[in-house]
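Everything on this sheet refers to the single structure shown next.
All of the numbers you see were taken from the coordinates with simple rules; none came from a lab. Values in this document were obtained by computation on a predicted structure and should not be read as measured data. FYI the Cβ positions are ideal-geometry reconstructions off the backbone, even for glycines, and counts take in every protein chain you see.
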Amino acid sequence: MSKKWIQSDDWKTEKHVPVIEIMKVEDGKAFVKVSVGKEIAHPNTTAHHIKWMDLFFWPEGDKFPVEIGYATFDHHGESAQGPDTSGIYSEPVTKFVFKTGKPGTLMATAYCNIHGLWKSEAELTL
Ligand SMILES: [Fe+2]
């Protein structure tokens, strides 16, 4: 039996799929926004939330991908002190900025503490 470690789907209909938005490429730098829940909001509670997101870039012609960055959102509900006991909850949204001399393929991954690992890909052109 083969297991599917990383799930993928259309982010417009499946709320776990990370959305890669290439905001701009300027002076050889790529500005890339990664988020979960752009179309359908994912729960954002202590019990059920996106724990982290990761962005990789595989430059065209290179043998291996590069990890661009990693963001965690695992502090859910912390700082619930004093009269305000609602706590702090970050939305699963982050931005990465990196310099590259080559186009290539971006892969974002997102991990839900209940529904596992999800990914999406996008082409970066210069
Ligand atoms: Fe989930």
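Electrostatic tally near residue 112: other residues with Cβ closer than 10 Å to its Cβ, Lys and Arg +1, Asp and Glu -1, net +2. Normalised by the number of residues in the range 19-126, the mean separation of alpha-carbon contacts (under 8 Å, six or more apart) gives a relative contact order of 32 percent. In the structure shown, do any of 33/63; 3/29; 4/29; 3/24 have a Cα-Cα gap over 31 Å, and if so which? The answer is 3/29; 4/29; 3/24. Subtract the Cα-Cα distance of residue 33 and residue 78 from 0.36 nm times their separation in residues, and report this length gain in nm to one decimal. Stretched fully, the residue 33-residue 78 segment lengthens by 13.7 nm. Here the label points at residue 41 and residue 90, each 7 Å from Cα along the C-beta direction, are separated by 2.0 nm in the simple model.
Of the residues 120, 2, the one with the fewest other Cβ atoms within 10 Å heads the list, and the complete ranking is 2, 120. Prolate is the label for the chain. Its Cα gyration tensor axes, ordered a ≥ b ≥ c, give a/c of at least 1.5 and a/b above b/c. Packing, as the average of other Cβ atoms within 10 Å across residues, places the peptides 88-95, 63-70, 103-110 in the order 103-110, 88-95, 63-70, highest first.
Of all DSSP bridge pairs formed entirely within the chain, close to 95 percent run antiparallel.
Note on residue 51: aspartates and glutamates with a C-alpha under 15 Å away, same-chain residues under 8 apart excluded, are 74, 78, 91.
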